[in-house]
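Engineer: Quick one: the structure is below, and I'll ask about it shortly.
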Amino acid sequence: MAFPTETVYGLGADATNPQAIARLNQVKGRPPEKPYSLHLYDAAQVLQFVDDIPPAAERLMKRFWPGPLTIVMPSKGGGTVGFRLPSHPVALAFLRCCARAVVAPSANRSGSPPPTDGKEVAEALQGSYDYLLDAGPTPLGRESTVVSVVGGTLTVLRDGAIPEAVLRATVKDVTSDK
């Protein structure tokens, strides 16, 4: 399902369904070992996947969610997982209807520019998706900022809609990289 967020259009699949993830990898032309972030409709869903929310992540969630920020943090059982809580009303309605975590990378082939409207999704994916929730152009037209909050350190993994300086100022007294 292709759907709009405030940043770009995403291509959603059930995070718990291996066949859906395999199809998503095929559509995007993405290697299976590259992880996807989970899109949520409520910040409380994070607790299903982590033992504890790091203080810096909690502060970022309170300030920027819902919004254009993906936060990677330690997951239950080891490793890390990224989370995104979009602010677009269509995205939130779709995610709420799914009633589970959804992986949702940008709705394009890997390496191509992310689409910012339904027409660009159709052109980029040439009908290889099942459904498109077309809500017109995305408000920001730029991908989310992706940060990692692991071991008390904030690392920017991808520049995006929220400037790094603003993120660092938000968490400066609870991270080791002040």
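Engineer: Scan Val147, Val121 and give me the residue that is assigned to a strand (DSSP E or B) and of a type in the set (Val, Ile, Thr).
Structural biologist: On the way: Val121 fails: assigned to a strand (DSSP E or B).
Of the residues listed, the single one that is assigned to a strand (DSSP E or B) and of a type in the set (Val, Ile, Thr) is Val147.
Engineer: Here is a further query. So, Gly160, is that one small (Gly, Ala, Ser), surrounded by 18 or more Cβ atoms within 10 Å (Cβ to Cβ) and assigned to a loop (DSSP other than H, G, I, E, B) or not?
Structural biologist: When the stated conditions are applied, Gly160 passes them.
Engineer: Mind telling me which of the residues Thr70, Thr16 ends up being touching a residue at least 24 places away in the same chain (Cβ under 8 Å), in a strand (DSSP E or B) and either among the basic types (Lys, Arg) or in contact with a Lys or Arg (Cβ under 9 Å, 6 or more places away or on another chain) (or both)? Steps first, answer last, please.
Structural biologist: Working: Thr16 fails: in a strand (DSSP E or B).
Residue meeting the stated conditions: Thr70.
Engineer: Collect the residues in segment 72-91 that are crowded, with 19+ Cβ neighbours inside 10 Å and either out of contact with any Leu (no Cβ under 6 Å at 6 or more places or on another chain) or over 27 Å from Thr153 (Cβ atoms) (or both), keeping them in residue-number order.
Structural biologist: Val72, Met73, Pro74, Val81, Gly82, Arg84, Pro86, His88, Ala91 - these are the residues of segment 72-91 that are crowded, with 19+ Cβ neighbours inside 10 Å and either out of contact with any Leu (no Cβ under 6 Å at 6 or more places or on another chain) or over 27 Å from Thr153 (Cβ atoms) (or both).
Engineer: Can you say whether Ala56 is closer than 24 Å to Ala161 by Cα and without any contact (Cβ under 8 Å) to a residue 24 or more places away in the chain, as far as the supplied structure shows?
Structural biologist: In short, no.
Engineer: Let me ask something additional. Go through the residues of segment 53-61 one by one and say whether even a single one is crowded, with 23+ Cβ neighbours inside 10 Å, in contact with a Gly (Cβ under 8 Å, 6 or more places away or on another chain), at pLDDT 95 or above and under 25 Å from Ala122 (Cβ atoms).
Structural biologist: No - not one qualifying residue is present in segment 53-61.
Engineer: Sticking with this one: Take the residues of segment 28-47 that are under 13 Å from the mean Cα position of the chain (by Cα) and assigned to a helix (DSSP H, G or I): which is surrounded by the fewest Cβ atoms within 10 Å (Cβ to Cβ)?
Structural biologist: In this case the residue turns out to be Ala43.
The values are calculated or read from the model by the stated rules, or taken from the named source; none is laboratory data. Nothing here was measured: the structure is a model prediction, and the numbers come from that model. Positions of Cβ are generated from backbone atoms using ideal geometry, with glycine treated the same way; all protein chains shown enter the neighbour counts.
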